[in-house]
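*Asks:* The structure under discussion is supplied below as structure tokens; questions concerning it will follow.
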Amino acid sequence: MILVTGANGNLGSTTLAALRARGAAATGGSRTPDEGMRRLDFDDRASLDLTGVSTLVLVSAGYAEDDRVVARHAAVLDAAVRDGVGHVVYTSLTTAGDHLGFALAHRATERLVRASGLPWTILRNGLYAELFGGLLMWGRDGVESAFGDGALAAVRREDLAEAAAAVASRPAPHRGRVYDLVGTPITAAQVAGELGVAHHPISLGEYRRRLLDETAGLLPFQPPMLASMATGVRHGFLDGTTPDLTGLLGRAARDPLATAVEAAAAARPKVGV
């Protein structure tokens, strides 16, 4: 049995669907499970029952400060060792993201995975095309961003889920492998062009000011994370590509630009509403 954690989240649910589409025996785990799923609360060790799980797809529980994220992952890995899980697939962060504000929790978890003694595969996922488009801010006559002229090797979440399913459904050939799953470089100007509007770059200082504004509704750890993404893209640290994603998919990756455009369009304020 394959088990996917965070199965009610975006990546987890899509990965579970991709596994089932392959005919794999798979279920999900969640703090708030749907019918047929296991209850897995990373903050409640007593809930972490992984008996009967052959392959664990550990979707990062990154929505917290680093110490809490790493503790959650450590608890799950301890349960995996105790309950005899046969293989762990961890969804990490692209190698190019080492400088990002949320990289430490991923790299610390990779250490834990390697030290667990379990067979493992690490999927270093690129940043989502959906996220890139959603981070563009609408102004009066176009979109604004702190990405400057920089490009992001963005990837669709659906492709990452299918890559995870490919590995989890046949893990043996991928034992001890680290894959860098990034897509095609796209820019904010390209997204704006597809939307038929202008792209207006803003400074990193202005972007941070907006993130720190009380009306932004962000948690304390989020502004530094988002600002690090902006400067990483702006200065050309996140535009590199590798063949790993297409290799796992066995086909070309889906167009990230179209996905980013769709996400940006969905965030556009409705006139008269």
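The values are calculated or read from the model by the stated rules, or taken from the named source; none is laboratory data. It should be emphasised that the depicted structure is a prediction, and the values quoted were computed from it without experimental measurement. Here the Cβ is made from the backbone with ideal geometry for all residues, glycine too, and neighbour counts use every protein chain on show. SASA here: full protein model, heavy atoms, side chains in, ligands and nucleic acids out. Shrake-Rupley method; radii C 1.70, N 1.55, O 1.52, S 1.80 Å.
*Asks:* Could you order Phe42, Phe237 by accessible surface area, starting with the largest, using a probe radius of 1.4 Å?
*Replies:* Phe237, Phe42
*Asks:* Let me ask something else about it. With charges only on Cβ, +1 for K and R and -1 for D and E, what is the dipole size of the chain about its Cα centre, in debye, rounded to 20?
*Replies:* Using only the charged Cβ atoms, the result is roughly 500 debye.
*Asks:* Turning to a different aspect of this structure: Report relative contact order for the chain in percent, whole number only (criteria: Cα-Cα under 8 Å, sequence separation at least 6).
*Replies:* RCO, the chain: 20 percent.
*Asks:* Along the principal axes of its C-alpha atoms, what lengths does the chain span, in descending order and rounded to whole Å?
*Replies:* In descending order, the Cα extents are 57, 40, 36 Å.
*Asks:* Okay, next question. Out of residues 5 or more away from Val88 or on other chains, whose amide H comes under 5 Å of its own, with H placed 1.01 Å from N in the peptide plane?
*Replies:* Placed amide hydrogens put Leu56, Trp120, Thr121 under 5 Å from Val88.
*Asks:* In Å², and per residue, what accessible area does segment 117-160 have when probed at 1.4 Å with the other protein chains present?
*Replies:* Per residue, segment 117-160 has 31 Å² of solvent-accessible surface.
*Asks:* A follow-up question, please. With a point put 7 Å past each Cα toward its Cβ, work out how far Arg22 is from Glu206 in nm, to one decimal.
*Replies:* Each label point is offset 7 Å from its Cα along the Cβ direction, giving 4.6 nm.
*Asks:* Additional query: Please give the charge dipole size of segment 68-137, origin at the Cα centre, charges +1 on K and R Cβ atoms and -1 on D and E Cβ atoms. Round to the nearest 20 debye.
*Replies:* For this selection, approximately 160 debye.
*Asks:* What percentage of the solvent-accessible surface of the chain, computed with a 1.4 Å probe over protein heavy atoms, is contributed by carbon and sulfur atoms?
*Replies:* Here carbon and sulfur together make up 52 percent of the probe-accessible area.
*Asks:* When the scattering of segment 1-65 is computed by the Debye formula from its Cα atoms alone, each counted once and equally, what is log10 I(q)/I(0) at q = 0.13 Å⁻¹?
*Replies:* Each listed q corresponds, in turn, to -0.31.
*Asks:* Separate question: Calculated FRET efficiency, Ala266 and Leu104, Cβ-Cβ r, R0 30 Å, to nearest 0.05?
*Replies:* 0.45
*Asks:* Also: For Gln190 and Thr32, calculate 0.36 nm times their separation in residues minus their Cα-Cα distance, and state this gained length in nm to one decimal.
*Replies:* Gain on stretching Gln190 to Thr32: 53.0 nm.
*Asks:* In nm, give the distance between the simple-model label positions of Asp44 and Arg170, each being 7 Å from the Cα along the Cα-to-Cβ direction.
*Replies:* So the two model labels end up 3.9 nm from each other.
*Asks:* Of the DSSP beta bridges with both residues in the chain, give the percent that are antiparallel, rounding to the nearest 5.
*Replies:* So the antiparallel bridges amount to about 15 percent of the total.
*Asks:* Once a ≥ b ≥ c are taken as the square roots of the eigenvalues of the Cα gyration tensor of segment 43-104, is the result rounded (a/c under 1.5), prolate (a/b larger than b/c) or oblate (a/b not larger than b/c)?
*Replies:* Oblate, because a/c is 1.5 or more while a/b does not exceed b/c.
*Asks:* Something else now. What ³J(HN,Hα) values, in whole Hz, does the Karplus curve 6.51 cos²θ - 1.76 cosθ + 1.60 give for segment 216-223 when θ = phi - 60°, with x put for Gly and Pro?
*Replies:* 5, x, 8, 6, x, 7, 7, x
*Asks:* Given a Förster distance of 45 Å, report the FRET efficiency between Arg82 and Thr246 from their Cβ-Cβ distance, rounded to the nearest 0.05.
*Replies:* E(calc), rounded to 0.05, equals 0.75.
*Asks:* If you don't mind, another one. Just need the relative contact order of segment 1-56 here, percent rounded to a whole number, with Cα pairs under 8 Å and 6+ apart.
*Replies:* 37
*Asks:* Now for a separate question. Suppose a student asked you for the relative contact order of segment 13-121, using Cα pairs under 8 Å spaced at least 6 residues apart; what percent would you report?
*Replies:* 22
*Asks:* Asn125's amide H: which non-local residues (gap 5+, or another chain) put their own amide H closer than 5 Å, with H modeled 1.01 Å from N in plane and none for Pro or chain starts?
*Replies:* It is Ser92, Leu93, Thr94, Leu181, by chain and number.
*Asks:* Given labels modelled 7 Å from the Cα in the Cβ direction, how far is it in nm from Thr51 to Leu218?
*Replies:* Label-label distance for Thr51 and Leu218, simple model: 4.5 nm.
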